[in-house]
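A.B. asks: Let me give you the structure first, and then I'll get to my questions.
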Amino acid sequence: MAKAYVVYGDTSGQGQSGDLLCVTGVASTTSRWLKFETRWLTLLNEYGITPPFHMTDFANGAGQYAGFRSGEKDPSAFLSKAIKVIHLSTNKCFAVSVAVDDLRDIQRIYDLPDGMNGDHPYHWCTLILYQQIKKWLEQHTGRHDRIGVVFESGDFGQRAFPQRLQELYPTIEPPDFAGKPLAPLQAADLLAYEFRKGVIYRSKGRIVRTSFSEILRRLPMDWKYYSRQHLLRLCELGRFPKRPETELQNRRRPK
C-alpha cells in the first residue's frame with residue numbers, strides 16, 4: 001500500500017559527552033515532496049549552490065559556500081527563502097533534543113522502563129520522534145500505519161536503531177536510510193542544525209538566531225528539549241525507582 005505521508009529525518013550532534021543531540025523529521029505527502037524538490041533545486045540554483053546542500057558547510061562558509069561568509073551572498077536571505085520552501089511543501093515538522101550528559105546521569109541513577117537505561121542518545125531522541133509522528137498521524141488522519149520514514153544514513157547509534165524499534169514497537173515498519181542527495185533530507189539537515197543551535201543558545205541565555213525564530217514562527221512544529229530538569233520530571237511522573245547501586249552509593253556517601 002502506498003504511504004500517505006513520508007517523513008525525512010536527520011541528526012545534528014554526535015551524541016558524545018558534553019554534546020546536545022537533535023533529531024528532526026519533516027512530514028509531507030509524496031506529491032508535495034515532488035513540488036518541494038523542484039522549489040528546493042530552484043533555490044539552490046539561484047544562489048549558485050551545487051546540490052546536495054550541506055548545512056554545516058553553509059554555516060561555516062566552507063567550499064562553495066565561501067561567498068556567504070565573505071558577504072558576497074546574504075546567508076540570512078537564503079535561510080529565509082529555504083524556510084519558506086519548507087513551509088510551502090510540508091505538513092508537519094518534528095524535533096527532539098537531549099543533553100547527552102544529563103541523559104546518561106538519569107540512566108545511571110534511575111531504573112527506567114523498557115530497557116531505556118541502555119539506550120544511546122540517538123535511540124532516545126528517535127524513539128520519541130516516532131511517538132510524535134504517531135500522535136500527529138492519529139490526530140490528523142485517524143491512522144498510524146500509512147507512513148514511511150527515511151533517515152540520512154551514517155549517524156552514531158543508527159545501526160542498532162531498527163532492532164531497538166522492533167523490540168519496543170514490533171508492528172511499526174522500520175525506517176529506511178539514504179544519502180544526502182535526496183532533497184527532503186537536505187531540509188531535515190537544515191532544521192536539525194538550526195534546532196540544535198537554537199536550543200544551545202536558549203539554554204545559555206543567548207539571543208537565538210533569526211532563522212531559528214523564523215522556523216518557530218512559520219513552520220508547523222512539534223518540538224521537545226530534554227534537559228536534566230525535564231528528565232528528572234519524567235522520572236518523577238513515571239515514579240521510576242532509583243537503581244539499587246545508586247542507592248547503595250548514596251548510603252555510603254559521608255554526611
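A.B. asks: Let me spell it out: the conditions are (1) touching a residue at least 40 places away in the same chain (Cβ under 8 Å); (2) farther than 19 Å from LEU191 by Cα, and GLU173 meets all of them except one. Which number is the exception?
C.D. replies: Of (1) touching a residue at least 40 places away in the same chain (Cβ under 8 Å); (2) farther than 19 Å from LEU191 by Cα, only one is false for GLU173: (1).
A.B. asks: Sticking with this one: Yes or no: LEU232 modelled with pLDDT under 95, out of contact with any strand residue (DSSP E or B) (no Cβ under 7 Å at 6 or more places or on another chain) and not in a loop (DSSP other than H, G, I, E, B)?
C.D. replies: No, not satisfied.
Every residue, every condition in (1) in a helix (DSSP H, G or I); (2) at pLDDT 95 or above, yes or no:
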residue: VAL96; (1), (2): no, yes
residue: ARG104; (1), (2): yes, yes
residue: MET116; (1), (2): yes, no
residue: GLN131; (1), (2): yes, no
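A.B. asks: Among (1) surrounded by 14 or more Cβ atoms within 10 Å (Cβ to Cβ); (2) farther than 13 Å from TYR225 by Cα; (3) of a type outside the set (Ser, Thr, Tyr), which single condition is VAL98 missing?
C.D. replies: Condition not satisfied by VAL98: (2).
A.B. asks: Might you check whether a residue that is in contact (Cβ under 8 Å) with a residue 12 or more places away in the chain, loosely packed, with under 14 Cβ neighbours inside 10 Å and within 15 Å of ALA188 (Cα to Cα) occurs anywhere in the range 58-79?
C.D. replies: No, the range 58-79 contains no residue that is in contact (Cβ under 8 Å) with a residue 12 or more places away in the chain, loosely packed, with under 14 Cβ neighbours inside 10 Å and within 15 Å of ALA188 (Cα to Cα).
A.B. asks: Among the residues that make up the range 145-154, is at least one of them at pLDDT below 90, surrounded by 14 or more Cβ atoms within 10 Å (Cβ to Cβ), more than 16 Å from GLY15 (Cα to Cα) and of a type outside the set (A, V, I, L, M, F, W, C)?
C.D. replies: no
A.B. asks: Another question about this same structure. What number of residues within the range 33-57 are under 20 Å from the mean Cα position of the chain (by Cα), surrounded by fewer than 17 Cβ atoms within 10 Å (Cβ to Cβ) and part of a loop (DSSP other than H, G, I, E, B)?
C.D. replies: Counting residues in the range 33-57 that are under 20 Å from the mean Cα position of the chain (by Cα), surrounded by fewer than 17 Cβ atoms within 10 Å (Cβ to Cβ) and part of a loop (DSSP other than H, G, I, E, B) gives 1.
A.B. asks: So which residues in the range 175-218 are part of a loop (DSSP other than H, G, I, E, B) and either under 12 Å from the mean Cα position of the chain (by Cα) or surrounded by fewer than 19 Cβ atoms within 10 Å (Cβ to Cβ) (or both), if there are any at all?
C.D. replies: GLY179, LYS180, PRO181, LEU182, LYS204, GLY205, ARG206, ILE207, VAL208, ARG209 - these are the residues of the range 175-218 that are part of a loop (DSSP other than H, G, I, E, B) and either under 12 Å from the mean Cα position of the chain (by Cα) or surrounded by fewer than 19 Cβ atoms within 10 Å (Cβ to Cβ) (or both).
The values are calculated or read from the model by the stated rules, or taken from the named source; none is laboratory data. It should be emphasised that the depicted structure is a prediction, and the values quoted were computed from it without experimental measurement. So basically every Cβ, Gly included, is an ideal-geometry build from the backbone, and we count neighbours across all protein chains shown.
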